[in-house]
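Novice: Below are the structure tokens for one structure; questions will follow.
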Amino acid sequence: MELPKPFIEKYSKLLGDEAPAFLAAIATGTPQKAFRVNSLKPAYRQMLTQFGPEELIPAPFGEESYLGAVGGHSLLHQAGYVYSQEPSAMIVAAIAQAQPGEKVLDLCAAPGGKSTQLAAQMQNQGLLVANEIFSKRAKILSENLERWGATNCLVTNHAPAELVPKFSGFFDRIVVDAPCSGEGMFRKDPVAVAEWQADTPAKCAARQKEILTAAVAMLAPEGELIYSTCTFAPEENEAIISWLVTNFPLTIIPLAIEGTANGRPEWGSVPGLEGTVRLWPQQGQGEGHFAAKLRFHGVNPTPKVATKTKKAKHKKAEKTPLSKELEPLWQAFTKEFPLPNQTGRPERFGDYIWWVPESAPDLRGIRVLRSGVQMAQVKKNRLEPAFNLAMTAPAVAASQRLAITLADWQKYVAGATFTASGNAGWVLLTVADIPVGFGKQVQGVVKNFYPKGLRFVVDPLK
């Protein structure tokens, strides 16, 4: 790989004797792939042993993580048991250490690596809001969280500043893996090399300040801000942390993590920058990362609740989460298909009933792609179980499960029907106890209800 001349000159000056090894690692090194296993899924370790790689080499920073590649069309990936993620990127959520019951925001969340990691840490307790500004990427984020079986998650599609009126002073923990100049992606993404210019880090730093201003406004008192980038540029790392500490009531929480290097105090302007961490490609596995953790000592205003008129109160009194027509259908449905462990409330959005996490605020006025668990699709005089429900466990009682073969699963994800003796109606399809989706068994034929947008044909050679 040929690196940009200004990049070589910049880091030769910054790193001195360390520069040759750093530049060689980028120009000639091989990207390292890795994946994480989903601890929210039933028997996840057993399933990894049965369907995963023969050799499992632990990755350095993520819990339940391993070096190596997993196929995007593999059984484990499609059922949400594994997630491919670059190894150094796993350190961000590992630093965040989200706790069950907290309110957590992943502000720049697509495609979902950190959000799925945070969801596992939270054990589906509390509230996780995963936001992405670009709609296409937000859709991918939503699909990944659906497969992961995260029941406590909202997926929103907004610019960070647009979330502040709804979530001012709301979150215990906010992760900002900021859009950056992407220097840590040079080895795996030639486009990142081609797009890099000498002034790219400065332009990215300006955007990062806008994002972080919104993030700080959404922190609760003594809340934590986790900031990270996949770039080496001091302008986007130590200089940004210096700007945060100078302009907001934030202090650096020192980090000491085996296998990492300290941040460079000489590249910033405030005390404590040695308590931030850097991952360099010449020193370990992964492409490179910067991360810092800060505590907020201020108080943000909480959103005002609009004063209700008598007329508005009357309307609200008449309104129930579900209509009178849907309520008996919902009661019958939840006897057959148990609710997620996450406490919540049923709400109808369009043609679907969702189980919305209890701690979620009023969702009016924001674009929400995912509001907890999509439980059921509303049809005429009936409710049909949604694919999202199949990805949570347990979705149905054991008597309503249908074990299928791997060959049947390949037909299923391609959208085809297959035979299985019986007439059980709605069944949760499983492959060796791995839930893969719903089917409807009628007179020995399983009708296919795998979402059309997710269907694919399995390559027999892979």
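Novice: Looking at (1) charged (D, E, K, R); (2) in contact with a Pro (Cβ under 9 Å, 6 or more places away or on another chain); (3) assigned to a helix (DSSP H, G or I), find the lone condition where Lys41 falls short.
Specialist: Only one criterion in (1) charged (D, E, K, R); (2) in contact with a Pro (Cβ under 9 Å, 6 or more places away or on another chain); (3) assigned to a helix (DSSP H, G or I) is unmet by Lys41, namely (3).
Novice: Let me ask something else. Just checking, how many residues over segment 176-206 are within 22 Å of the chain's Cα centre (by Cα) and free of Cβ contacts under 8 Å to residues at least 40 places away in the same chain? Break it down stepwise before answering.
Specialist: In the first step, residues of segment 176-206 are kept if they are within 22 Å of the chain's Cα centre (by Cα); the result is 176-182, 184-185, 188-189.
Right, trim to free of Cβ contacts under 8 Å to residues at least 40 places away in the same chain and you get 189.
Qualifying residue count, segment 176-206: 1.
Novice: Considering only residues that are hydroxyl-bearing (Ser, Thr, Tyr) and either over 21 Å from Ala119 (Cα atoms) or at pLDDT below 95 (or both), which ones fall in segment 32-84? Reasoning before the result, please.
Specialist: Step one: list which residues in segment 32-84 are hydroxyl-bearing (Ser, Thr, Tyr), which gives 39, 44, 49, 65-66, 74, 81, 83-84.
Across segment 32-84, the qualifying residues are Thr49, Ser74.
Novice: With segment 317-394 as the region, which strands (runs of 3 or more DSSP E) entirely inside it contain at least 1 residues that are of a type in the set (Lys, Arg)? I'd like the intermediate steps shown before the answer.
Specialist: Values: elements: 344-349, 352-357, 368-371, 373-379, 382-385.
Here the list reads 344-349, 368-371, 373-379, 382-385.
Novice: Restricting to segment 12-21, and then to whatever is over 16 Å from Asn262 (Cα atoms) and free of Cβ contacts under 8 Å to residues at least 12 places away in the same chain, can you tell me which residue is surrounded by the most Cβ atoms within 10 Å (Cβ to Cβ)? Explain how you work it out, then say what you get.
Specialist: Start the filter on segment 12-21 by keeping residues that are over 16 Å from Asn262 (Cα atoms), which leaves 12-13, 16-17, 19-21.
Checking the rest, the ones that are also free of Cβ contacts under 8 Å to residues at least 12 places away in the same chain come to 12-13, 16-17, 19-20.
Numbers: Ser12: 14, Lys13: 9, Gly16: 9, Asp17: 6, Ala19: 17, Pro20: 12.
Here the answer is Ala19.
Novice: Select from segment 209-223 the residues that are in a helix (DSSP H, G or I) and farther than 16 Å from Lys293 by Cβ and list them in ascending order.
Specialist: The answer is Lys209, Glu210, Ile211, Thr213, Ala214, Ala217.
Novice: Taking interchain pairs and intrachain pairs at least six residues apart, which have beta carbon atoms under 8 angstrom, with the first residue in segment 22-46 and under 28 Å from Glu146 (Cβ atoms) and the second basic (Lys, Arg)?
Specialist: From segment 22-46, the pairs are Pro31/Arg187; Pro31/Lys188; Val37/Arg45.
Novice: Could you say whether any residue in segment 15-31 is out of contact with any Leu (no Cβ under 6 Å at 6 or more places or on another chain), in a loop (DSSP other than H, G, I, E, B), of a type outside the set (A, V, I, L, M, F, W, C) and modelled with pLDDT of 95 or more?
Specialist: Checked segment 15-31: no residue is out of contact with any Leu (no Cβ under 6 Å at 6 or more places or on another chain), in a loop (DSSP other than H, G, I, E, B), of a type outside the set (A, V, I, L, M, F, W, C) and modelled with pLDDT of 95 or more.
Novice: Here is a list: Ala43, Ala27, Ala19. Which entry is hydrophobic (A, V, I, L, M, F, W, C) and either within 18 Å of the chain's Cα centre (by Cα) or farther than 28 Å from Pro201 by Cβ (or both)? Don't jump to the end; show me each part of the working.
Specialist: On the way: Ala27 fails: either within 18 Å of the chain's Cα centre (by Cα) or farther than 28 Å from Pro201 by Cβ (or both); Ala19 fails: either within 18 Å of the chain's Cα centre (by Cα) or farther than 28 Å from Pro201 by Cβ (or both).
Result of the check over Ala43, Ala27, Ala19: Ala43.
Novice: Having 2 or more residues that are surrounded by 24 or more Cβ atoms within 10 Å (Cβ to Cβ) is the bar; report the helices (runs of 4 or more DSSP H) wholly within segment 93-197 that clear it. Show your work before the answer.
Specialist: On the way: elements: 113-122, 135-148, 160-167, 190-195.
Those helices (runs of 4 or more DSSP H) span 113-122, 135-148.
The values are calculated or read from the model by the stated rules, or taken from the named source; none is laboratory data. Just so we're clear, the structure is a prediction, and the values are computed from it rather than from any experiment. Because the Cβ atoms are built from the backbone with ideal geometry, glycine has one as well, and the counts that use them run over all protein chains shown.
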